[in-house]
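Single-structure report; data block below.
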Amino acid sequence: MDRAFDYGSKGWGFDSLQVRFILPAQRSWIRALDSKFKICFEKLTNFRICYKALTKTMIKDKVYFMKKALLLANRAEKGGEVPVGAVLVREGRIIGRGGNAPIENCDPTAHAEIVALRRAGRRAGAYRLNGCEMFVTLEPCLMCYSAMVQARIDKLYYGADDAKNGIFSSGVFDNVKHVYNHRITVESGLLAEPASELLAGFFKARRGAGAVERDGLENRCGG
């Protein structure tokens, strides 16, 4: 026991029945190595956390943002507008929101997409919105799609098809695509069911109340 105590006081260590000697310089080297290992481990841990967060964001993005657009569509309906909502996203952040607002704004061009583009442009301080994605609950019309082309939108997601006025479903795009100098990647049918149900319920209620005019939905300023 005395010998073991004496060895320990002089820097000797014991590993089972074998004796090993640790010099002061070795202790310093081991501490430095241990410190580097801790730093590497922390960086790896942070990378894993960031990777998981990024992966989770990528998975939820499309549905998440379309749900935001649906909330805007619901808000538009409460104001007596056709329930269409849109959000414009850049690098995972919403930079422009819009609900259908021709009646409220006394503006026939105030479709949800146009409202979102205008707000995004003011926020970005530019009329070109490269790198942005548009999420809209209803297939855009010719006017709205053309505005997106001018803004250089990268990708368009929309929910419900619009067989009468939609730029794709109506066949209009095939006749005018040659005039566009920018191509937008398009994905349709995202949360199409709730978007369609919202529109169908709105028009059913309006027709039942006799609020449909000869040339379409009553949408004029001042009634």
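Label points 7 Å out from Cα along the Cβ direction at R207 and K164: separation in nm?
1.0 nm
Between M143 and H182, what is 0.36 nm times their sequence separation minus the Cα-Cα distance? Round to one decimal in nm.
12.5 nm
Principal axes first, then extents: for the Cα atoms of the range 137-204, list largest minus smallest coordinate on each axis, whole Å, largest first.
Between the extreme Cα coordinates on each principal axis of the range 137-204 lie 38, 21, 15 Å.
Suppose R0 equals 25 Å. What FRET efficiency, 1/(1 + (r/R0)^6) with r the Cβ-Cβ distance, do Q150 and D61 give to the nearest 0.05?
Efficiency at R0 = 25 Å is approximately 0.50.
List the trypsin sites (Lys or Arg not before Pro) within the range 113-193 that fall in a DSSP loop (any state other than H, G, I, E or B) and whose Cβ has at most 11 other Cβ atoms within 10 Å.
Within the range 113-193, the qualifying trypsin sites (Lys or Arg not before Pro) (loop, at most 11 other Cβ atoms within 10 Å) are K164, R183.
Every number in this text was worked out from the coordinates using simple rules, so none of it is lab data. The structure presented is a predicted model; accordingly, all values stated were derived computationally and were not measured. Here Cβ is always computed from backbone atoms with ideal geometry, including for glycine, and neighbour counts include all displayed protein chains.
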